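To keep things clear, I will list the structure first and then write my remarks on it.
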Amino acid sequence: MKKGAMGLYGLFFSFCLCACSGQTVKPICPQITPWTADFQRQAATEITTNPALVALPEIARQDVVLRDQVRACQKKVAQ
């Protein structure tokens, strides 16, 4: 076997070993901005007193899901 081919095999083998070295990657989670109790009461009042609102309650539900996902992400990073 030629020296050039041996060098290529050695280089390839080295890259394979480097790929196997386990580097832990931690996700970056967005921060949750807490709502004040007054704001939460105001939002609840506005939603319940305006039954014609359709989009706002759906936005609120999706925000709850998003906040749960962020908390799960932050918990995973803390481990």
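The values are calculated or read from the model by the stated rules, or taken from the named source; none is laboratory data. Since the structure is predicted, the reported quantities are computational estimates derived from the model, not experimental observations. Cβ atoms come from the backbone with ideal geometry, glycine included; neighbour counts cover every protein chain shown.
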Filter result for residue 27 (surrounded by fewer than 10 Cβ atoms within 10 Å (Cβ to Cβ), modelled with pLDDT under 85 and over 33 Å from the mean Cα position of the chain (by Cα)) = no
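Quick grid of which residues meet (1) at pLDDT 85 or above; (2) in a helix (DSSP H, G or I):
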position	(1), (2)
8	no, yes
22	no, no
35	yes, no
38	yes, yes
48	yes, yes
71	yes, yes
76	yes, yes
Taking the range 50-69 only, how many residues are part of a helix (DSSP H, G or I) and either of a type outside the set (S, T, N, Q) or touching a Cys at 6+ places or on another chain (Cβ under 6 Å) (or both)?
-> 13
Please find, within the range 47-79, the residue that is nearest to the chain's Cα centre (by Cα) out of those that are surrounded by fewer than 11 Cβ atoms within 10 Å (Cβ to Cβ), of a type in the set (A, V, I, L, M, F, W, C) and farther than 19 Å from residue 33 by Cα.
-> 55
